[in-house]
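Below: one structure, written as structure tokens.
The values are calculated or read from the model by the stated rules, or taken from the named source; none is laboratory data. All figures in this text were calculated on a predicted structure; none of them were measured in a lab. Please note: Cβ atoms are built from the backbone with ideal geometry, for glycine as well, and neighbour counts cover all protein chains shown.
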Amino acid sequence: MKSSILMIYTGGTIGMKQDEKTMALVPVDISQIETEVPELRKFGYKIDTCSFDPVIDSSDITPDFWIALCSVIKANYLKYDGFVVLHGTDTMSYTASALSFMLEDLAKPVILTGSQLPVGMLRTDGKENIISSIEIAAAKDDEGHPMVPEVCIYFESQLYRGNRTTKYNAENFRAFRSANYPVLADVGIHIKYNRHLIRYPDRWDKPLKVRYHLDTNVAILKIFPGITRQAVEAVMETKGCRAVVLESFGSGNAPTSEWFLSTMRKYVDKGIVIVNVTQCQAGKVDMGAYATGMGLRGIGVISGYDATTEATLCKLFMLLGRYSSPEKVKKEMQKALRGEISCG
Ligand code: ASP
């Protein structure tokens with residue numbers, strides 16, 4: 001039976017073309033995507049399209065948008081073999097992270113892609129990104145199971161686990177990086193799947209569960225040499241705040257000054273979950289490595305291991321939405337729920 005794919009257009013550069021008269025960039029009509037990417041006709045797949053209305057620049061993405069996107073996937077889950085989401089690149093790593101935590105027991109591919117140049121422009125990177133994403137979303141193994149039943153980002157010949165990515169280049173065609181986890185597939189003449197790195201469900205027939213309830217009462221505190229008590233307290237005192245992503249130095253280190261540690265301890269004791277991630281582009285938090293990290297561990301700050309800030313934030317949104325107890329949230333944060341950390 002031929003594979004069926006639902007392509008969901010949300011906005012971003014990929015779906016733009018130049019208006020012939022005004023030369024301004026305008027969104028393409030996604031139902032006419034084959035006019036822009038005629039190669040899609042050569043696939044033997046059934047490719048249906050749907051679009052958000054209005055389409056948005058991904059800098060305008062909100063958690064409500066993720067809920068709407070999950071609803072579309074849920075409503076069409078049994079009808080299609082896989083999903084391709086066309087999305088702006090700016091916040092694609094956040095959306096991929098959020099979807100990975102919201103879609104529980106996912107057993108089908110959800111491939112996000114976008115482009116640096118609009119699909120309607122001559123040198124666009126969008127065509128190849130769309131074509132390969134569809135091929136990956138439709139790919140099955142010898143037993144007829146999807147090759148990659150995960151939320152992924154496909155970009156410039158590489159397939160990444162979505163919640164491991166960060167957008168790191170605003171100009172290059174290779175815009176994403178997954179520094180702490182290898183690519184799930186390399187696309188050249190052949191698509192080489194690294195099957196030992198892909199997460200497969202323990203059972204294929206479990207129904208998809210969607211965690212719609214997100215609590216966004218989370219703040220991010222990026223420390224820097226010279227940070228003041230007022231700056232730290234301004235973040236920690238954010239009204240309603242239930243958790244903080246602490247972006248620390250190196251392998252999870254922070255100042256050992258009395259005022260800093262006692263301020264942090266005060267908020268941990270108040271029940272705020274503080275998760276320590278590194279400001280570095282790669283590597284992991286190890287709060288046992290230096291005295292400067294041990295100070296944080298000693299007061300109850302928990303490790304974010306090698307997770308990205310994007311994944312840590314979205315994981316907290318989902319867990320705070322599910323649990324009222326900070327202890328329960330902390331416990332779940334230590335587990336690799338969707339392959340977002342390399343331990344737990
Ligand atoms: N600002 C655009 C967006 O994220 C950039 C892009 O699509 O690459 O929607």
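Which residue, of Asp64, Asp81, is more than 16 Å from the ligand (Cβ to nearest atom), touching a residue at least 60 places away in the same chain (Cβ under 8 Å) and closer than 30 Å to Ser178 by Cα?
Exactly one residue qualifies, and that residue is Asp81.
Specify which of the listed residues (Gly88, Gly11) is within 16 Å of the ligand (Cβ to nearest atom), buried (at least 21 other Cβ atoms within 10 Å of the Cβ) and over 21 Å from Arg161 (Cβ atoms).
Gly11
Just to verify a result, which residue in region 158-167, among those that are more than 13 Å from the ligand (Cβ to nearest atom) and over 15 Å from Ser133 (Cβ atoms), is surrounded by the fewest Cβ atoms within 10 Å (Cβ to Cβ)?
Residues of region 158-167 that are more than 13 Å from the ligand (Cβ to nearest atom), as a first pass: 158-166.
Right, trim to over 15 Å from Ser133 (Cβ atoms) and you get 163-164, 166.
Values: Asn163: 31, Arg164: 31, Thr166: 21.
Here the residue is Thr166.
I'd like to check something: does region 282-293 contain any residue that is buried (at least 19 other Cβ atoms within 10 Å of the Cβ) and not in a loop (DSSP other than H, G, I, E, B)?
Yes, region 282-293 contains a residue that is buried (at least 19 other Cβ atoms within 10 Å of the Cβ) and not in a loop (DSSP other than H, G, I, E, B).
Note down all Cβ pairs under 8 Å where the first residue falls in region 303-315 and is surrounded by fewer than 24 Cβ atoms within 10 Å (Cβ to Cβ), the second is part of a helix (DSSP H, G or I) and of a type in the set (Gly, Ala, Ser), and they're at least six residues apart or on different chains.
Final answer for the pair search is Leu313/Ser97.
Suppose we filter region 12-42 for residues that are out of contact with any Leu (no Cβ under 8 Å at 6 or more places or on another chain) and either hydrophobic (A, V, I, L, M, F, W, C) or assigned to a loop (DSSP other than H, G, I, E, B) (or both); how many remain?
First pass over region 12-42, keeping only residues out of contact with any Leu (no Cβ under 8 Å at 6 or more places or on another chain): 20-29, 31-32, 35-42.
Checking the rest, the ones that are also either hydrophobic (A, V, I, L, M, F, W, C) or assigned to a loop (DSSP other than H, G, I, E, B) (or both) come to 20-26, 28-29, 37, 40.
The total comes to 11.
When you check Ile47 against the structure, is it more than 16 Å from the ligand (Cβ to nearest atom), over 19 Å from the mean Cα position of the chain (by Cα) and buried (at least 18 other Cβ atoms within 10 Å of the Cβ), yes or no?
Considered against the rule, which asks whether it is more than 16 Å from the ligand (Cβ to nearest atom), over 19 Å from the mean Cα position of the chain (by Cα) and buried (at least 18 other Cβ atoms within 10 Å of the Cβ), Ile47 comes out as yes.
Which one is farthest from the chain's Cα centre (by Cα) among residues in region 316-344 that are within 21 Å of Met264 (Cα to Cα) and either among the basic types (Lys, Arg) or at pLDDT below 95 (or both)?
Here the residue is Lys328.
If the requirement is being modelled with pLDDT of 95 or more and farther than 30 Å from Cys70 by Cα, which of these qualifies: Val245, Val273, Val232?
Val232
Are any residues in region 115-157 of a type outside the set (D, E, K, R), crowded, with 20+ Cβ neighbours inside 10 Å and away from the ligand (no atom under 15 Å from the Cβ), and if so, which ones?
If the condition is that a residue be of a type outside the set (D, E, K, R), crowded, with 20+ Cβ neighbours inside 10 Å and away from the ligand (no atom under 15 Å from the Cβ), then Ser132, Ile134, Ile136, Ala137, Ala138, Pro146, Met147, Val148, Val151, Cys152 are the ones that fit.
I'm checking my understanding of the structure. Among residues of region 101-114 that are over 17 Å from Asp48 (Cβ atoms) and more than 16 Å from the ligand (Cβ to nearest atom), which one is surrounded by the most Cβ atoms within 10 Å (Cβ to Cβ)?
So the residue we want is Met102.
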